[in-house]
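Undergrad: Dropping a structure here in structure tokens format, bear with me for questions.
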């Protein structure tokens, strides 16, 4: 079997709800992605998703490095791609493109072997503990409650609230989320996420206030992703664990955080240099007795890797609407993602829906963080007061 090429389709959908955080409090109601198909001469295709900007790097990486090769040597192909981008670094858009190819190759490998990827990766269970993530800053109190109640009725007791702009509102909404999660019949598990909006001292002040009233399990990205001194200061200054890593690309970026005891929960995902890179980081964390948490992804396909990790804690479930064009062989049951037996990742694109959603270019504001880092971040508090525009961005 040989790799014969790669196809990509840019598409855009209406999201299930408006998504936003401290840097984008007005949020967005549309999302854009790229469907990636790595084809072989025997008709088996590996599938993944990518960010819209990745397309310009996906095709050259496959065409220059992978054409004509046996798709089964996934780790070797990953190394070949990483070595290719050595000079500029395995960073940013290049890393994201590389990640999407790696995920598609793992999907292809498991399909060739006729088994679900969780089995290929050596998992002994098909179940992964889940937590609910509303990306919920734009939601009204009523919609906030409805989202977390809906997740609780699926047995999920843990939820992650976006915080950072208004302490009193954050406290009120934590109470709303806690009440909704109690519908699971289990003790609510409360997580908060500031998306790097605070300075370390601001984070300590706010989170300590939260902890006067609530039991917070972790505080996510309470300071800048690379600031190991600041993150360690936060970790030492609060009761909750510090979770970070969502926006890091490769193992080298995690090493300073772990070596300097600046992270308590290591966050990994498909963007961590793909499945191969995420495995490396998870193993590094395991060596330091640190738990990992899988970031959310369309249709929860990264649960296959999570199931195979001995130090996995729980995975983010966003349920933002990608199932309009994708189907996945997994379900939520009693608070767990339960993986099926379909070969590979168990995901497929509905060709009709994908064609209908395909676009030539992405609409303004459809990206994951269309306004960048918001003004006042790390400097002063700037509560959201109206529609976002360029004036709301730092600088």
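The values are calculated or read from the model by the stated rules, or taken from the named source; none is laboratory data. Just so it is clear, the model here is predicted, and its values are computed rather than measured. All Cβ positions, even for glycine, are placed from backbone atoms using ideal geometry, and neighbour counts span all protein chains on display.
Undergrad: Across the range 143-178, what is the number of residues that are surrounded by fewer than 16 Cβ atoms within 10 Å (Cβ to Cβ) and either more than 21 Å from residue 220 (Cα to Cα) or touching a strand residue (DSSP E or B) at 6+ places or on another chain (Cβ under 6 Å) (or both)?
TA: 4
Undergrad: List the number of the failed condition for residue 90; all other conditions in (1) in a loop (DSSP other than H, G, I, E, B); (2) in contact with a helix residue (DSSP H, G or I) (Cβ under 6 Å, 6 or more places away or on another chain); (3) within 30 Å of residue 374 (Cα to Cα); (4) at pLDDT 95 or above hold.
TA: (4)
Undergrad: Output the number of the condition that residue 296 fails; it satisfies all remaining conditions of (1) in contact (Cβ under 8 Å) with a residue 24 or more places away in the chain; (2) assigned to a loop (DSSP other than H, G, I, E, B); (3) surrounded by fewer than 19 Cβ atoms within 10 Å (Cβ to Cβ).
TA: Evaluating residue 296 over (1) in contact (Cβ under 8 Å) with a residue 24 or more places away in the chain; (2) assigned to a loop (DSSP other than H, G, I, E, B); (3) surrounded by fewer than 19 Cβ atoms within 10 Å (Cβ to Cβ) leaves (3) as the failure.
Undergrad: Another question, then. Spot the failing condition for residue 306; the list is (1) part of a helix (DSSP H, G or I); (2) touching a helix residue (DSSP H, G or I) at 6+ places or on another chain (Cβ under 8 Å); (3) crowded, with 24+ Cβ neighbours inside 10 Å; (4) touching a residue at least 60 places away in the same chain (Cβ under 8 Å), and only one is missed.
TA: Tallying (1) part of a helix (DSSP H, G or I); (2) touching a helix residue (DSSP H, G or I) at 6+ places or on another chain (Cβ under 8 Å); (3) crowded, with 24+ Cβ neighbours inside 10 Å; (4) touching a residue at least 60 places away in the same chain (Cβ under 8 Å), residue 306 fails exactly one: (2).
Every residue, every condition in (1) without any contact (Cβ under 8 Å) to a residue 60 or more places away in the chain; (2) in contact with a helix residue (DSSP H, G or I) (Cβ under 8 Å, 6 or more places away or on another chain); (3) not assigned by TED's automatic domain parsing to the domain that holds residue 246, yes or no:
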position: 158; (1), (2), (3): no, yes, no
position: 168; (1), (2), (3): yes, no, no
position: 174; (1), (2), (3): yes, yes, no
position: 186; (1), (2), (3): no, no, no
position: 194; (1), (2), (3): no, yes, no
position: 205; (1), (2), (3): yes, no, no
position: 227; (1), (2), (3): yes, yes, no
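Undergrad: Sticking with this one: Being assigned to a loop (DSSP other than H, G, I, E, B), surrounded by 17 or more Cβ atoms within 10 Å (Cβ to Cβ) and touching a strand residue (DSSP E or B) at 6+ places or on another chain (Cβ under 6 Å) is the filter here; which residues of the range 27-52 pass it?
TA: 27
Undergrad: Of the residues that make up the range 106-126, is at least one without any contact (Cβ under 8 Å) to a residue 24 or more places away in the chain, more than 21 Å from the chain's Cα centre (by Cα), assigned to a loop (DSSP other than H, G, I, E, B) and in the same structural domain as residue 220 (by TED's automatic domain parsing)?
TA: Yes; the residues of the range 106-126 include at least one that is without any contact (Cβ under 8 Å) to a residue 24 or more places away in the chain, more than 21 Å from the chain's Cα centre (by Cα), assigned to a loop (DSSP other than H, G, I, E, B) and in the same structural domain as residue 220 (by TED's automatic domain parsing).
Undergrad: Determine if the range 191-208 includes at least one residue that is more than 21 Å from residue 21 (Cβ to Cβ) and touching a strand residue (DSSP E or B) at 6+ places or on another chain (Cβ under 7 Å).
TA: No; the residues of the range 191-208 include none that is more than 21 Å from residue 21 (Cβ to Cβ) and touching a strand residue (DSSP E or B) at 6+ places or on another chain (Cβ under 7 Å).
Undergrad: Identify, from the list 275, 258, the residue that is part of a helix (DSSP H, G or I), buried (at least 20 other Cβ atoms within 10 Å of the Cβ) and in contact (Cβ under 8 Å) with a residue 12 or more places away in the chain.
TA: 275
Undergrad: Among 359, 317, 338, which is surrounded by fewer than 18 Cβ atoms within 10 Å (Cβ to Cβ), over 18 Å from residue 12 (Cβ atoms) and either more than 19 Å from the chain's Cα centre (by Cα) or not assigned by TED's automatic domain parsing to the domain that holds residue 105 (or both)?
TA: Values: 359 fails: over 18 Å from residue 12 (Cβ atoms); 317 fails: surrounded by fewer than 18 Cβ atoms within 10 Å (Cβ to Cβ).
After applying the criteria, what remains is 338.
Undergrad: Another one. Would you point out the residue of the range 74-83, among those that are surrounded by 14 or more Cβ atoms within 10 Å (Cβ to Cβ) and over 23 Å from the mean Cα position of the chain (by Cα), that is nearest to residue 104 (Cα to Cα)?
TA: So the residue we want is 77.
Undergrad: A further question follows. Can you tell me how many residues in the range 102-126 are in contact with a strand residue (DSSP E or B) (Cβ under 7 Å, 6 or more places away or on another chain) and either buried (at least 24 other Cβ atoms within 10 Å of the Cβ) or within 15 Å of residue 303 (Cα to Cα) (or both)? Quick ask: steps written out before the conclusion?
TA: Filtering the range 102-126 for residues in contact with a strand residue (DSSP E or B) (Cβ under 7 Å, 6 or more places away or on another chain) gives 103-105, 107-108, 110-111, 116-118, 126.
Pick out the ones that are also either buried (at least 24 other Cβ atoms within 10 Å of the Cβ) or within 15 Å of residue 303 (Cα to Cα) (or both) and you get 103-105, 107-108, 110, 116-118, 126.
Result for the range 102-126: 10.
Undergrad: Scan the range 194-211 residue by residue and report those that are buried (at least 20 other Cβ atoms within 10 Å of the Cβ) and in a helix (DSSP H, G or I).
TA: Selection gives 200, 202, 203, 204, 206, 207, 210.
Undergrad: Let me ask another. Restricting attention to the range 127-145, report how many residues are in contact with a helix residue (DSSP H, G or I) (Cβ under 6 Å, 6 or more places away or on another chain) and part of a strand (DSSP E or B).
TA: 3
Undergrad: Right, next: Could you count how many residues in the range 53-87 are part of a loop (DSSP other than H, G, I, E, B), closer than 22 Å to residue 347 by Cβ and touching a strand residue (DSSP E or B) at 6+ places or on another chain (Cβ under 6 Å)?
TA: 2
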